[in-house]
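Peer 1: Right, I'll just put the structure down here and ask away after.
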Amino acid sequence: MKAKSTAPTNLPTKADVELLITKATGAKAKEDAAIDVFAQLMIFAHSSRASDVHLEPWKTNAQIRIRVDGILHDEFTLASEVHTRIIARLKILTQLRTDEHRAPQDGRFQFVSPLGNVDVRVSIIPTALGEKAVMRLLSSQSHKLTLEQLGFAENDLVRVQRAIRKPWGMVLATGPTGSGKTTSIYAILEILNQREVNIATIEDPVEFEIPGTNQSQVDNVAKLTFATGLRSLLRQDPDIIMVGEIRDQETAKIAVNAAMTGHKLLSTLHTNNAATTIPRMIDMGVEPFLISSTFICAIAQRLVRRVCPDCVTAVTLTKEEATKMFGTATLDALFDKSASIEVAKPGNCAKCGGSGYKGRIGIYEIMENSPAIQRLIVSRATSEEIQAQAIKEGMTTVMQDGARKVLAKATTIEELIRVMQE
């Protein structure tokens, strides 16, 4: 006997949303038609695995775009008056000023989808053609991922677990915006979240609630910044502190002092690789000897799209063929000493929306502190010298980890090059 499917059957399709947009357009449209459009749009976006929804005003109409697996897609075109009514609806839901059209406004709201509860962060900003809104969808399930599920390889996993077992010091996640740094820090917090420790965070904003922890949010109006919040948290008897981002000298110095006085500190930083973390902290005015004694490890990362398991095929490539197709030196990490490799080729099916990809996976490099790296930090060595020493001690670079995932057919060469093209 076949098991009954538990997947929701009442999810709106693209055609359903387009029909509602048509009904909401024109003089005869009902007053609440735009409310229906907005409600179904949010459920459609969530069921499409969108992380962001963009409502963009154009000259003669407006465009709705959604970001899925890091890529923006044009989804719907709607009349300008419908766009205006949707923005007004959004302001009501987020308790923003409906009569303010010339200043940026931020807010948040929640909605219930057949797939679960969703928290939405909203940013509205005036443009030359009207107000643009961007909504970040934060599903309650999306942060409950283990380090293994995030894509950490076995040797990198051992390094991270060894780092977070240390009683005090700094663990930093680095990478560009949207590379999954906060998700990695949350996964570590879930491991450390035990009743015998006090975990306190200062975030901008609080993206997900972690039961059992004390989460605070930056509030510039109340003069609660990362620096002032971190200073206050140190008076709250914390064992573990999470700072959403180290972005200025004051925060960096307080963070290092917190790590030096017996606290475990987790934070994020914007650098291109793990080794650049050290010069970046020094540039912020932190003394090298303090960094060398408090730094535990840096996790540099990027996100690549996973190939869709329902339509993926395989293809064999020689290095010459790959170089002709992609024209890049980054292929050396893939081929190593092999004359040819078998890699994934994305397909086209309904389950992935025709993109050939479904979901994302992280590629990582984990740089641990060591006596040799401590000496390099104190001597103000360059990031290249620090990286060379870390590789000598067994660090796998982001590119090498990406190559490993291409060879495992988790992603494609095209996707690795797209993400690492810098």
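The values are calculated or read from the model by the stated rules, or taken from the named source; none is laboratory data. Owing to the predicted nature of the structure, the values given are computational and were not obtained by experimental measurement. Backbone-built Cβ (ideal geometry, glycine too); neighbour counts: all protein chains shown. Side chains included, ligands, DNA and RNA excluded: accessible areas come from the protein's heavy atoms. Shrake-Rupley method; radii C 1.70, N 1.55, O 1.52, S 1.80 Å.
Peer 1: Tally time: how many residues in segment 103-123 are in contact with an Asp or Glu (Cβ under 9 Å, 6 or more places away or on another chain) and either under 20 Å from Thr60 (Cα atoms) or open to solvent by 40 Å² or more (accessible area, probe 1.4 Å) (or both)?
Peer 2: 4
Peer 1: Just to be sure, is Gly229 out of contact with any helix residue (DSSP H, G or I) (no Cβ under 7 Å at 6 or more places or on another chain) and not basic (Lys, Arg)?
Peer 2: Working: out of contact with any helix residue (DSSP H, G or I) (no Cβ under 7 Å at 6 or more places or on another chain): yes; not basic (Lys, Arg): yes.
In short, yes.
Peer 1: Oh, and also: On the given criteria, is Thr318 touching a Gly at 6+ places or on another chain (Cβ under 9 Å), more than 17 Å from Gly151 (Cβ to Cβ) and surrounded by fewer than 16 Cβ atoms within 10 Å (Cβ to Cβ)? Show your work before the answer.
Peer 2: Numbers: touching a Gly at 6+ places or on another chain (Cβ under 9 Å): no; more than 17 Å from Gly151 (Cβ to Cβ): yes; surrounded by fewer than 16 Cβ atoms within 10 Å (Cβ to Cβ): yes.
Taking the combined requirement at face value, the residue does not satisfy it.
Peer 1: Right, something else. What is the residue count in segment 256-291 for residues that are closer than 19 Å to Ile185 by Cα, small (Gly, Ala, Ser) and surrounded by fewer than 22 Cβ atoms within 10 Å (Cβ to Cβ)?
Peer 2: Of the residues in segment 256-291, 0 are closer than 19 Å to Ile185 by Cα, small (Gly, Ala, Ser) and surrounded by fewer than 22 Cβ atoms within 10 Å (Cβ to Cβ).
Peer 1: Next up: Could you grab me the full set of residues in segment 384-422 that are part of a helix (DSSP H, G or I), within 23 Å of the chain's Cα centre (by Cα) and not aliphatic (A, V, I, L, M)? Working first, answer last.
Peer 2: We begin by selecting, within segment 384-422, every residue part of a helix (DSSP H, G or I); these are 384-392, 398-407, 413-420.
Subsequent filtering for residues that are within 23 Å of the chain's Cα centre (by Cα) retains 398-406, 413-420.
Selection gives Gln400, Asp401, Gly402, Arg404, Lys405, Glu414, Glu415, Arg418.
Peer 1: Could you tell me whether Val122 is assigned to a strand (DSSP E or B), of a type outside the set (Gly, Ala, Ser) and at pLDDT 95 or above? Full working, then the answer.
Peer 2: Details: assigned to a strand (DSSP E or B): yes; of a type outside the set (Gly, Ala, Ser): yes; at pLDDT 95 or above: yes.
Criteria met by Val122.
Peer 1: Quick check: is even one residue across segment 374-383 over 26 Å from Lys337 (Cβ atoms), open to solvent by 40 Å² or more (accessible area, probe 1.4 Å) and under 21 Å from the mean Cα position of the chain (by Cα)?
Peer 2: no
Peer 1: Tell me, yes or no, whether segment 42-60 has at least one residue that is under 30 Å from Val221 (Cα atoms), within 30 Å of the chain's Cα centre (by Cα), open to solvent by less than 80 Å² (accessible area, probe 1.4 Å) and at pLDDT below 95.
Peer 2: yes
Peer 1: On to the next question. Are there helices (runs of 4 or more DSSP H) fully within segment 259-359 with at least 2 residues that are out of contact with any His (no Cβ under 6 Å at 6 or more places or on another chain) and under 30 Å from Ile202 (Cα atoms)? List them. Walk me through it before giving the result.
Peer 2: Details: elements: 277-283, 288-294, 319-326, 332-335.
Hits in segment 259-359: 277-283, 288-294.
Peer 1: Determine which member of the set Leu150, Leu138, Leu157, Leu93 is at pLDDT 90 or above, more than 30 Å from Glu368 (Cα to Cα) and either of a type in the set (A, V, I, L, M) or within 23 Å of the chain's Cα centre (by Cα) (or both). Spell out the reasoning first.
Peer 2: On the way: Leu150 fails: more than 30 Å from Glu368 (Cα to Cα); Leu138 fails: at pLDDT 90 or above; Leu157 fails: more than 30 Å from Glu368 (Cα to Cα).
Criteria check complete, one pass: Leu93.
Peer 1: Could you tell me whether any residue of segment 31-52 is in contact with a strand residue (DSSP E or B) (Cβ under 6 Å, 6 or more places away or on another chain) and farther than 23 Å from Gly354 by Cβ?
Peer 2: No - not one qualifying residue is present in segment 31-52.
Peer 1: Could you list, ordered by first residue, the pairs with Cβ atoms under 9 Å in which the first is in segment 230-256 and on the phi < 0 side of the Ramachandran plot and polar (S, T, N, Q) and the second is in a loop (DSSP other than H, G, I, E, B) and open to solvent by 20 Å² or more (accessible area, probe 1.4 Å), at least 6 apart or interchain?
Peer 2: Listed pairs, sorted by first residue: Gln236/Asn198; Gln249/Gly285; Thr251/Thr225; Thr251/Glu245.
Peer 1: All but one of (1) within 25 Å of the chain's Cα centre (by Cα); (2) surrounded by fewer than 19 Cβ atoms within 10 Å (Cβ to Cβ); (3) under 18 Å from Thr22 (Cα atoms) hold for Glu81; which doesn't?
Peer 2: (1)
Peer 1: Same structure, new question: I'm told Thr98 meets every condition in (1) among the polar types (S, T, N, Q); (2) more than 26 Å from the chain's Cα centre (by Cα); (3) within 22 Å of Leu20 (Cα to Cα) except one. Can you identify the failing condition by its number?
Peer 2: (3)
Peer 1: Answer yes or no as to whether Ile246 is within 24 Å of Gln110 (Cβ to Cβ), under 19 Å from the mean Cα position of the chain (by Cα) and crowded, with 19+ Cβ neighbours inside 10 Å.
Peer 2: Working: within 24 Å of Gln110 (Cβ to Cβ): no; under 19 Å from the mean Cα position of the chain (by Cα): yes; crowded, with 19+ Cβ neighbours inside 10 Å: yes.
Spelling it out, it is not the case that Ile246 is within 24 Å of Gln110 (Cβ to Cβ), under 19 Å from the mean Cα position of the chain (by Cα) and crowded, with 19+ Cβ neighbours inside 10 Å.
Peer 1: Within segment 126-138, how many residues are open to solvent by less than 80 Å² (accessible area, probe 1.4 Å), more than 30 Å from Asp401 (Cβ to Cβ) and not polar (S, T, N, Q)?
Peer 2: Going through segment 126-138 one residue at a time, the tally reaches 7.
Peer 1: Confirm whether Glu100 is open to solvent by 20 Å² or more (accessible area, probe 1.4 Å), among the acidic types (Asp, Glu) and under 20 Å from Leu138 (Cβ atoms). Can you show your working first?
Peer 2: Values: open to solvent by 20 Å² or more (accessible area, probe 1.4 Å): yes; among the acidic types (Asp, Glu): yes; under 20 Å from Leu138 (Cβ atoms): no.
Taking the combined requirement at face value, the residue does not satisfy it.
Peer 1: Which numbered condition in (1) modelled with pLDDT under 95; (2) out of contact with any strand residue (DSSP E or B) (no Cβ under 9 Å at 6 or more places or on another chain); (3) of a type in the set (S, T, N, Q) is the only one that Ser292 fails?
Peer 2: Ser292 satisfies all of (1) modelled with pLDDT under 95; (2) out of contact with any strand residue (DSSP E or B) (no Cβ under 9 Å at 6 or more places or on another chain); (3) of a type in the set (S, T, N, Q) except (1).
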